[in-house]
Amino acid sequence: MASSSRNNKKYDVFVSFRGEDTRDNFTSHLYSALCRQNIQTFIDDQLNRGDEISESLANAIEASAISVIVFSEGYGSSRWCLDELVKILECKKDYVQIVIPVFYRVDPSDVRNQTGSFGDSFSKLEERLKVNTEKLQTWRNALKEAASLSGFHSLNIRCESELTNEVVNHILKRLLDEVFQPRDNKNQLVGVESTVEEIESLLGVEWKDVYALGIWGIGGIGKTAIARAIFDKILGDFEGSCFLENVRDESQRPGGLACLRQKLLSNLLKDKNVMPYIDLNFRRLSRMKVLIVFDDVTCFSQLESLIGSLDWLTPVSRIIITTRNKQVLRNWGVRKIYEMKALEYHHAIELFSRHAFKQNHPDVGYEELSSKVMKYAQGVPLALKVLGCFLYKREKEVWESAIDKLQRILHPSILEVLKISYDSLDDKEKNIFLDVACFFQGEDVDLVMKFFNASGFYPEIGMSVLVDKSLIAIDSYNKITMHDLLQELGREIVRQESTNPENRSRLWYHQDIYEVLTYNTGTEKIEGICLDISKVKEIRLNPNTFTKMPKLRFLKFYSSSVNGENKCKISYLHDPRFAEVKYLHWYGYPLKSLPSNLTAEKLVLLEEPDSDIERLWDCVKHYSKLNQIIHAACNKLIAKTPNPTLMPSLNKLVILNLRGSKSLKSLPARIFNLEFLIKLDLSGCSKLKRLPEILSGNISWLLLRGTAIKELPSSIELLHRLGYLDLSDCKRLKCLPSSLCKLKSLGVLDLHGCSNLQRLPECLGQLSSPILLNLAKTNIERIPESIIQLFVLRYLLFNYSERLQSLPKPPFLARGLDADHCPLQSLLGIVEDALRIQHMGHVLAVRWKEIREKGDFFMDKGHIVLPGNEIPEWFKFQSVGSFITLEMPPDSFNNSIVQGIVFSAILAFSDRHVDCGRWFSFSFELKVKTTKDCGPHDTRLFQSRVNYVESDHLHLGYYLLCEEDFNGFWKCNCIPEAVHFNVFPPLECQCCGVKKCGIHLLHTPDSMNSM
């Protein structure tokens, strides 16, 4: 309450001083310096003649947030000064006013005790006025109280200008920290505290030269708000500061950059009349510690015009640049580029609620509608604010209508901000952006790049520009992603091309496409069509439908339904002009061959899943330039076109998908030799019994699931890049060649369901990088001892391997180990030996050290599932149910003695309450209490997916604490308090869920020896 009342004051500062002593020296300098900082300051020179001075002064003091008392030698001789002092201290008591004493050429002890020259002047006042004893005592008490406050002593700071600067900087900091910073909750930024702290810490790092930091992200994501919050928080630490807002807009006005430069220099030098001599002014700046924010910069030339070079500035200066274009930051050589992320859900709903409901949460009955807005806005602050204000005090029916409308039409205020980045693109880049928004969200970037290359869009530079401008992103799976609002922006731009769908360049909305195709109204404007046929009724295509679309580049008829059917019916195509088509996907293609006018040279993707196509073209010569990718999941294709001359002509093939070709019995001898082939999918080719010998190849993915293969050729070792080998459900597979172990890139080996497979190569441990080894539902009797050498193995699955007799003893570590429905005797080595805690602790410590020395990937967590209904007795903390209280001393985690946590839980399901095929999320959280306010007290340490099992099973695992965990625990003085196990979705019946649980701390070997 105190801070909110302070920031409504008329004046920032009231200065109490003895005019005869300091009006023409220190006080005048102080007043000027405060004014240069735009700090509203009151001194008694502002009083109008004829005013009742005592009353005016009292009102001015009450109307100020801070009072500065300049104690000088003659201060105690002025009754007015002493009455001001009493009033100031009353305001300090009643209104929590900030009081700052400055002792100008007097000693604080003389003021406090009325001694020395200050005491002499006070005695003269007493003699002159003959005041009563009570009044005199009030002044003495006030002097004693004020002189005891922390302040500034001129005798400690010899230079008067330095004293002035220190006082002003202190006032500025107090204003920011205590007066203006703590705002009312309705005006506070939401969810930015951690971001501000992180950027502030980056700015605090010492560098030999100027530190420039960039804040980058899409429009409306909150870059300016974050920059402003940081600027307001730290500007008191700098001699000069300037926040240049809207550089993009201002620079587009006539003389805009010159005006911005003048503002920059005036603010930094605190001189409204600064002369436009750049060299002189920047020479002055070279002696100052300055803070500058350039907001919404769009090109490098803007920064060059405004500041020229960072060489002008001192190394302690700091520059912050906000932009949508990452290339601007690279060109300027910023030290760090901070990417702004969308708000998390709980922060987003709070920000939205403040505008939609004027409180921190939705009104009762509006929760579901608010959740829909959250899904639409995707955490973008601009969208949350705009939509919150738009929906404020509107009825539910209006909300529902508005939300439905937003699914098709972007709100104008949001469109206006987001479109700025689009408008800065050239024509090729705009086409790439629109194609991604309409067709390629979530698609593999390599495929899309080939399509854009074929379209003449120069994607290498174009895609890079879109990434730099935050319009698209490439995720860790090499997929193109785009924020939902940006996707809506692209689609809205296309919609605005025409009110009639047939006159737009791209069609993706099923109702629009249905009308265009049904009524045959296509035009030469259409370049792309993407139709989910599961959303429309049957369409009878006119034979000349595509003749009207000569510019068609992209055609995709797909089904999002698992059991989809072709709904685009046609008996023949009348000379269709497919000359420009680069991407053709037609689910259930109804004809026997492809259109004769389809130009093979330009094709990037050809996919005809679940079709009865018998031949591609009538003439083999079309194969010679078939470009990049064919997905031909066609049941009869290979069987009916076994042309031996085909292979040399397919040397550009990248992905060959023959999934479900049930007539396929053999493969061409040189299929693996194709230079660019990286993925071969033969899943479901149930008559395929063998693979040809391999001479060389670059295949990374080989999918043989459900084939009739009995063995792999020993030459498979020549597939040096093979990373994924799927042999699941190969019922006739009896053995694997030892040469398989020479595949240094193999990450996934899936043998699930190979029911005739009885043994594995003894040299299996020679594999360098296996992540998953799936042996479920095999007849393997023994796991080779060499598996101990597999440092990188994450998941070992052998559930339902009922003939398995034994497993290697530790130390072998896997993040996940599923042994459901395995013979109990095969697991005794794990239960009885590997998990004796002293032994396991020592093994983990030694193993961890060994792996780190090798530089290999280390599993910081592991999880196995075993039959059983008892927690091992060596678990120190045990409990019935899902919650364990930990009784631990405060120093339990000191000096990293505790290396990790071993956990166990008995998880039960009942087929009466749980579907047998259902999956659940199983996790445990460490609950801690802290001696410092460090936010949430729950830390989720482990989470895994588990499925339904018939009987009670023991879930046993470990979590090794990392450096980040230790830092977090120590920083907040955390003391572990409890552990809670969770199953999600929650199981409400008592017979299901976590029945028992246990926790044991994993100590380092040295500490265990001393225990």
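The values are calculated or read from the model by the stated rules, or taken from the named source; none is laboratory data. Just so you know, these numbers come straight off a predicted model, no measurement behind them. Counting neighbours? That spans all protein chains shown, and the Cβs are built from the backbone with ideal geometry, glycine included. Ligands, DNA and RNA are excluded from the accessible area calculation, which covers all protein heavy atoms including side chains. Shrake-Rupley method; radii C 1.70, N 1.55, O 1.52, S 1.80 Å.
Before we move on, is ARG140 part of a helix (DSSP H, G or I), under 23 Å from SER67 (Cβ atoms), open to solvent by 40 Å² or more (accessible area, probe 1.4 Å) and in contact with a helix residue (DSSP H, G or I) (Cβ under 9 Å, 6 or more places away or on another chain)?
yes
Within region 105-119, can one find any residue that is in a helix (DSSP H, G or I), among the hydrophobic types (A, V, I, L, M, F, W, C) and under 18 Å from SER16 (Cα atoms)?
yes
Quick one: which of LEU677, LEU722 is out of contact with any helix residue (DSSP H, G or I) (no Cβ under 6 Å at 6 or more places or on another chain) and within 22 Å of ASN774 (Cβ to Cβ)? Give the derivation first.
Numbers: LEU677 fails: within 22 Å of ASN774 (Cβ to Cβ).
Going through LEU677, LEU722 in turn, the sole match is LEU722.
Which residue pairs have Cβ atoms closer than 7 Å, lie 6 or more positions apart in sequence or on different chains, and pair a first residue in region 675-692 that is open to solvent by 20 Å² or more (accessible area, probe 1.4 Å) with a second residue that is aliphatic (A, V, I, L, M) and at pLDDT below 85?
PHE676/LEU653; PHE676/VAL654; ILE678/VAL654; ILE678/ILE655; LYS679/ILE655; LYS687/LEU664
Checking the condition part of a loop (DSSP other than H, G, I, E, B), among the hydrophobic types (A, V, I, L, M, F, W, C) and open to solvent by 10 Å² or more (accessible area, probe 1.4 Å), which residue from CYS754, CYS735 passes?
Testing whether each residue is part of a loop (DSSP other than H, G, I, E, B), among the hydrophobic types (A, V, I, L, M, F, W, C) and open to solvent by 10 Å² or more (accessible area, probe 1.4 Å) leaves just CYS735.
Could you please find all residues in region 490-527 being within 19 Å of GLU580 (Cβ to Cβ) and within 32 Å of the chain's Cα centre (by Cα)?
Result: VAL494, ARG506, LEU507, TRP508.
For ILE414, are the conditions met, namely being in contact with a Phe, Trp or Tyr (Cβ under 8 Å, 6 or more places away or on another chain), open to solvent by less than 40 Å² (accessible area, probe 1.4 Å) and more than 28 Å from LYS551 (Cα to Cα)? Walk me through how you get there before you give the answer.
Values: in contact with a Phe, Trp or Tyr (Cβ under 8 Å, 6 or more places away or on another chain): no; open to solvent by less than 40 Å² (accessible area, probe 1.4 Å): yes; more than 28 Å from LYS551 (Cα to Cα): yes.
So ILE414 does not fit the description; no.
Yes or no: LEU125 surrounded by fewer than 21 Cβ atoms within 10 Å (Cβ to Cβ) and out of contact with any Gly (no Cβ under 8 Å at 6 or more places or on another chain)? Step through it out loud before you land on a result.
On the way: surrounded by fewer than 21 Cβ atoms within 10 Å (Cβ to Cβ): yes; out of contact with any Gly (no Cβ under 8 Å at 6 or more places or on another chain): no.
Answer is no for this residue.
May I ask you to say which residue of LYS419, LYS450, LYS479 is open to solvent by 50 Å² or more (accessible area, probe 1.4 Å), free of Cβ contacts under 8 Å to residues at least 40 places away in the same chain and of a type in the set (Lys, Arg)? Steps first, answer last, please.
Values: LYS419 fails: free of Cβ contacts under 8 Å to residues at least 40 places away in the same chain; LYS450 fails: free of Cβ contacts under 8 Å to residues at least 40 places away in the same chain.
Only one candidate qualifies: LYS479.
Output the residues belonging to region 328-367 that are assigned to a helix (DSSP H, G or I) and open to solvent by 40 Å² or more (accessible area, probe 1.4 Å). Give the derivation first.
Here is the first cut: in region 328-367, the residues assigned to a helix (DSSP H, G or I) are 328-332, 345-356, 367.
Residues satisfying the conditions are ARG330, ASN331, TYR345, HIS346, HIS347, GLU350, HIS355, GLU367.
For region 492-511, state whether one or more residues are closer than 14 Å to LYS569 by Cα, part of a helix (DSSP H, G or I) and either open to solvent by less than 20 Å² (accessible area, probe 1.4 Å) or modelled with pLDDT of 95 or more (or both).
no
Which residues, counting only those in region 263-317, are in a loop (DSSP other than H, G, I, E, B) and either surrounded by 21 or more Cβ atoms within 10 Å (Cβ to Cβ) or of a type in the set (Val, Ile, Thr) (or both)?
Start the filter on region 263-317 by keeping residues that are in a loop (DSSP other than H, G, I, E, B), which leaves 270-277, 286-289, 298-299, 308-309, 313-317.
Selection gives VAL274, THR298, LEU313, THR314, VAL316, SER317.
How about region 333-361: which of its residues are in contact with a helix residue (DSSP H, G or I) (Cβ under 6 Å, 6 or more places away or on another chain), touching a residue at least 40 places away in the same chain (Cβ under 8 Å) and hydrophobic (A, V, I, L, M, F, W, C)?
Within region 333-361, ILE337, MET340, ALA348, LEU351 qualify.
Starting from region 423-445, take each residue that is at positive phi and list its partners that are open to solvent by 40 Å² or more (accessible area, probe 1.4 Å), counting only C-beta distances under 6 angstrom and pairs at least six apart or across chains.
Going by the 6 Å Cβ cut-off, the qualifying pairs are GLY442/LYS479.
List the pairs whose first member sits in region 772-784 and is open to solvent by 10 Å² or more (accessible area, probe 1.4 Å), whose second member is charged (D, E, K, R), and whose Cβ atoms are under 6 Å apart, counting only residues at least 6 apart or on separate chains?
ASN774/ASP750; ASN779/ARG803; GLU781/ARG803
Does region 403-413 contain any residue that is more than 30 Å from LEU189 (Cβ to Cβ), part of a loop (DSSP other than H, G, I, E, B) and modelled with pLDDT of 90 or more?
no
Of the conditions (1) open to solvent by 10 Å² or more (accessible area, probe 1.4 Å); (2) touching a Phe, Trp or Tyr at 6+ places or on another chain (Cβ under 9 Å), ALA225 fails just one. Which one is it?
If we test ALA225 against (1) open to solvent by 10 Å² or more (accessible area, probe 1.4 Å); (2) touching a Phe, Trp or Tyr at 6+ places or on another chain (Cβ under 9 Å), just (2) comes out false.
Out of (1) under 19 Å from LEU606 (Cα atoms); (2) open to solvent by 20 Å² or more (accessible area, probe 1.4 Å), the odd one out for LEU584 is which?
Of the numbered conditions (1) under 19 Å from LEU606 (Cα atoms); (2) open to solvent by 20 Å² or more (accessible area, probe 1.4 Å), the odd one out for LEU584 is (2).
Restricting to region 326-366, give me the number of residues that are at pLDDT below 90 and among the aromatic types (Phe, Trp, Tyr).
So the count comes out to 2.
Find the residue count for region 428-467, including only residues that are charged (D, E, K, R) and modelled with pLDDT under 95.
Of the residues in that region, 5 qualify.
Restricting to region 557-579, count the residues that are under 39 Å from the mean Cα position of the chain (by Cα), at pLDDT 70 or above and either within 19 Å of THR523 (Cα to Cα) or not acidic (Asp, Glu) (or both).
Counting residues in region 557-579 that are under 39 Å from the mean Cα position of the chain (by Cα), at pLDDT 70 or above and either within 19 Å of THR523 (Cα to Cα) or not acidic (Asp, Glu) (or both) gives 5.
Please list, ordered by residue number, the strands (runs of 3 or more DSSP E) wholly in region 866-953 having 3 or more residues that are at pLDDT below 65 and within 35 Å of the chain's Cα centre (by Cα). First the steps, then the outcome.
Values: elements: 877-880, 883-885, 898-908, 919-929, 938-947.
Here the list reads 938-947.
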